[in-house]
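Since the structure comes first, as structure tokens, the remarks are kept for the end.
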Amino acid sequence: MDYDVLLCNGLVIDPANSRNGRFHIGIREGIIQRVWEADDRMPLPTSKMVIDAKELIVTPGLIDLHVHIFTDYTPLGIQTDRIGVQQGVTTVVDAGSAGVESYPIFLEKSVTSSETEVLAWINISRLGLCGGLSELADLSQLAPVETAHLMKSDSRICGIKARMSASVVQENGSKPLYVAKQVARELEVPVMVHIGNAPPALHEVLELLEAGDVVTHAFHGKKGGIFTEEGSLLPEAERALKRGVIFDVGHGTSSFSFATMRRALECGIKPYTISTDIYRQNIDGPVHSLAMTMNKILALGVSLDEVVEMSTCNPARILRKDHEIGTLTEGTRADISLLRMKKGPLELTDSEQATLTTSSYLQPELTIKSGKVLKCV
Ligand SMILES: [Zn+2]
């Protein structure tokens, strides 16, 4: 047999390799061995399993840059594979549920027994979200030295999370972010900053961020977001975008607004990455899944190629793992998503209960994780 799994005739969208067309993909020993243009005149190689993907869209395994999967110990945590491989997502990045002290339990609960690959933004506060959701209110809980030490020994931790909104930092303003940035600079890794209700004011937060740092919840509909009340872009947001700060969706229960996203698109601002901020309390709405969040961006007029890019190679780049994931390059691990474009109508809801009806939408059908074929739920 030439291959273990052969994907035939799928519409392959692989922005990392500028592919958009009909391709065959041969997988052996969990690795993408060969990707080649489909040609009916050529005989197919032999394979233990053949998947006819003619009706499907084939993308690199989807990556969700912002999730919460730390079950039992945090109020948000949801089971990893439920939002991962069962929904077409091969890599999830937990966004600060664990800090340096709770990280070992996090690994045990949510990482080692999962099929989905887990990466992490480590919370700069030592317990992460295990001690409640005001983790930056007490500065003595910040653990820069220990966090840096842990990060050097665990390549699954890709960056540092600091949640910068009033309920989290209380009297501390941007101080926790200063500390997080110091560690991040020393290790040359990005920070992910959650934005929400001030204080700290958004302009203060943005001025601290550098190229490659991520603003999640960038398109929320609350006061004090990237647009002024008159609808013009905050000068600090414009400067941040110019110097390469990343704007990420981070949908969440209350952090994604069609109106804000529409205004941003009108100004030529697209999300660099699409992430869900999915957790127990929002999986049944308004978030549902990464695919459903992608559908919302699609419904607002962003092209399918771009939406795939925002959910595959762009997050991989932020994580500095684009040589491993977010790509269908030959020789990389076979993490692949197979999606069906279904006919609507389907009503989509944002975090402000605004709705939008779409005539077609993506639905994950199969996930291939390290060469293993799994059915989506
Ligand atoms: Zn979050």
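Backbone geometry of the range 116-129 corresponds, through the Karplus equation with coefficients 6.51, -1.76 and 1.60 at θ = phi - 60°, to 3J(HN,Hα) couplings of 5, 6, 10, 10, 8, 9, 8, 6, 6, 8, 4, 9, x, 9 Hz, x marking Gly and Pro. FRET efficiency for Leu139 and Met42, Cβ-Cβ distance as r, R0 = 41 Å, nearest 0.05? That pair, Leu139 with Met42, gives E of 0.05.
For the range 205-299, which chymotrypsin sites (Phe, Trp or Tyr not before Pro) pass both filters: DSSP loop (anything but H, G, I, E, B) and at most 12 other C-beta atoms within 10 Å? Passing sites in the range 205-299 do not exist.
Charging the Cβ of each Asp and Glu at -1 and of each Lys and Arg at +1, and nothing else, the dipole of the range 272-377 about its Cα centre rounds to 400 debye.
Taking a point 7 angstrom from the Cα of Gln170 along the C-beta vector, which residues in the range 201-239 have backbone N less than 19 Å away? Those under the cut-off are 201. Over the chain, the alpha carbon radius of gyration divided by the compact-protein estimate 2.2 N^0.38 Å works out to 0.97. Spin-label pair Ser113-Glu324: with each label point 7 Å from Cα along the Cα-Cβ axis, the two points sit 2.4 nm from one another. Solvent-accessible surface of the chain, taken per residue with a 1.4 Å probe and all protein chains present: 40 Å². Note that the range 224-234 has calculated 3J(HN,Hα) couplings of x, x, 6, 10, 6, 4, 7, x, 9, 5, 4 Hz, one per residue in order, obtained from phi through the Karplus relation 6.51 cos²θ - 1.76 cosθ + 1.60 (θ = phi - 60°); glycine and proline are x. Amide H contacts of Ser275: Val249, Gly250, His251, each under 5 Å away and 5 or more positions distant or on a separate chain (H built 1.01 Å from N in the peptide plane; Pro and chain starts excluded).
Under the criterion of Cα pairs below 8 Å and six or more residues apart, the relative contact order for the chain equals 19 percent.
For the chain, a simple Cβ point-charge model (Lys and Arg +1, Asp and Glu -1, everything else neutral) yields a dipole of about 320 debye relative to the Cα centre. The slack between Ser153 and Leu187, meaning 0.36 nm per residue of separation minus the straight C-alpha distance, is 11.1 nm. Using 20 Å as the cut-off for backbone N distance, which residues of the range 77-96 belong to the label zone defined by a point 7 Å from the Cα of Ser370 along Cα→Cβ? Inside the label zone: 79-94. Taking amide H as placed 1.01 Å from N in the peptide plane, Ile122 has its amide H under 5 Å from the amide H of Cys158, Gly159, Ile160, Lys161, each at least 5 places away in sequence or on another chain.
When the range 61-319 is described by a simple charge dipole with +1 on each Lys and Arg Cβ and -1 on each Asp and Glu Cβ, the residue from Ala184, Gly88, Leu304 located farthest towards its positive end is Leu304. Ignoring any ligand, DNA or RNA, what whole percent of the accessible area of the range 61-319 comes from carbon and sulfur when the probe is 1.4 angstrom? The C+S portion of the solvent-accessible surface of the range 61-319 is 50 percent. What longest region of the chain stays clear of GluC sites (Glu not before Pro) that DSSP places outside H, G, I, E and B and that have at most 13 other Cβ atoms within 10 Å? It runs 231-377.
The values are calculated or read from the model by the stated rules, or taken from the named source; none is laboratory data. Here the structure is a predicted model, which means the values were calculated and not measured. For neighbour counting, all protein chains shown are included, and Cβ atoms are generated from backbone atoms with ideal geometry for every residue, glycine included. The accessibility values were calculated without ligands, DNA or RNA, using every heavy atom of the protein model including side chains. Shrake-Rupley method; radii C 1.70, N 1.55, O 1.52, S 1.80 Å.
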